[in-house]
Amino acid sequence: MAGYGGYGGGDAGGFMAGSQQGGSQAGGSKYADESLRPVTIKQLLDWEDTYPGAEPAIDGHPVTQVTIVGQVRSVKPQPTNITYRIDDGTGAIDVKKWVDSEAQGEGETGSGAGAIGPDAFVRVWGRLKNLGGKKHIGANFIRQIEDFNEVNYHFLEATYVHLFFSKGASAAGGVKQEGGGDNMFVDQGYGAGAGGGAGPGGGNSAMQARLATCSRNAQTICNFINNSPGGTEGVNLHVIAQGTRMNVRDIVNAADELLGQGIIYTTQDDETWAILDY
């Protein structure tokens, strides 16, 4: 498998990779080296760094970004960040979302956080951090889950990827739905959609199903980004406006819709997006 996705993303501190902070990381990591992996909190807590600054690894494979789902147990707002204690039934971990001061002035906490309170179920995208022996996730994006089926789906997806890396593609692909349809298993193994489909996500029927529920504007923008040469560096708002002849407000609203569905992600700045192709 060439890689489990190819994602850009932010680091703790609220900066997206490609910004001045993300671009200064040691080793000059590129967007192509990024990955997004669905995991359980137990998998994160079980990881032990062999030396200070070691790159997180699960099932023997490096992990740059992770996504979890769980229930908020507590919320601790601070001037520069909000700390959520998330429990998914396998363990609990702190998730730190750095506050966007401009968005906060408009009544939001930025990057999807909104007014998320205790007992809410949420999805988190971010990076695993280990400071002083205490692990936490530096969140790029956090949103509330409206459909509990998403929680069940996430655990199935995390199990599938774990089997893929620990036992091979044949074990992970052992369960297969006949006749296509919306399932989490693509025909040639997880990630086979890298070139196997015309739409975003290639052969990933789950992503195609989420896109089908989006508005016409969101679908138009998603297809434009997918067919543009920007790759993992993304496509800028103004390029989209010029290519689709849509106004900026409609593009921003549609992009927010796609972000909430986990179909696109921001890259160089908040007005440049790429397909979250897994």
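The values are calculated or read from the model by the stated rules, or taken from the named source; none is laboratory data. Quick caveat, the model's predicted, so the values are computed rather than measured. All Cβ positions, glycine included, derive from the backbone under ideal geometry; neighbour counts span all protein chains shown. Please note that ligands, DNA and RNA were not included when accessible areas were found on the heavy atoms of the full protein model with its side chains. Shrake-Rupley method; radii C 1.70, N 1.55, O 1.52, S 1.80 Å.
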- Once both labels are modelled 7 Å past Cα along the beta-carbon direction, what's the Thr213-Arg245 spacing in nm? 3.2 nm
- Note on the structure: Honestly region 204-248 on the Cα gyration tensor test (a ≥ b ≥ c root eigenvalues; a/c under 1.5 rounded, otherwise a/b vs b/c for prolate or oblate) is just oblate
- Task: Quick one: order His238, His136 from most to least accessible surface, probe 1.4 Å.
- Result: His238, His136
